[in-house]
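Before any comments, here is the structure.
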Amino acid sequence: MYPEQAPHVPAQRAVEVHQPTPYPPAVPVAAPTVPVQPGTVPAVASIVLPDGRVVTGYAIEPTRPEPVAAKPAVSRTAVNVALGGAGFLAVCGGLVLLTSFIAALTAFIAQLITLAAVVFGGWIAVQILGTRGHQGGTTVNIRKAVIKRNHFHH
């Protein structure tokens, strides 16, 4: 399977590096130039495995991911401005609710006063209009009465 089937001791074999030979172009053709890879040819490396097999191939450098752009730190000023704005909106909302509550309370008190005036006015009207003729009541003539220590003398 492998070209070298004979058992080898890994410490006795050295790593061999082979340089591939590029083929020259057969016929020079005047073609448009195309960008090509760099002119250096990668080195070919042979590695002897512990069991004696030899692996030959190009050394590939691992691809490195591009560095992620660091996120800029949030400044304290921006945080303070944002928190101040949120606090200002909360205060404004509270003031709107307080104003609405005061307006509703004022309207409620005005309705209670109106109700009390209607009820009291009705009671007075019943007292005035309901006692016509003085039936069964005491009539006091204030012009002839003399008032001494909270007693009326006639």
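The numbers here are math on the coordinates, done by the rules we state, and not lab data. Since this is a predicted model, take the numbers as computed values, not measurements. So basically every Cβ, Gly included, is an ideal-geometry build from the backbone, and we count neighbours across all protein chains shown.
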Item to complete: Pop a pseudo-label 7 angstrom from the Cα along the beta-carbon direction at both Val44 and Glu66 and give the gap in nm to one decimal.
Response: 3.5 nm
Item to complete: Report the FRET efficiency, 1/(1 + (r/R0)^6), for Leu129 and Ala103, where r is their Cβ-Cβ distance and R0 is 35 Å, rounded to 0.05.
Response: 0.35
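So between Leu115 and Glu16, what do we pick up on full extension, going 0.36 nm a residue minus the alpha carbon distance? Intermediate values should be presented prior to the final figure.
Values: separation 99, 0.36 × 99 = 35.64 nm, distance 11.15 nm.
Going from the current span to full extension adds 24.5 nm.
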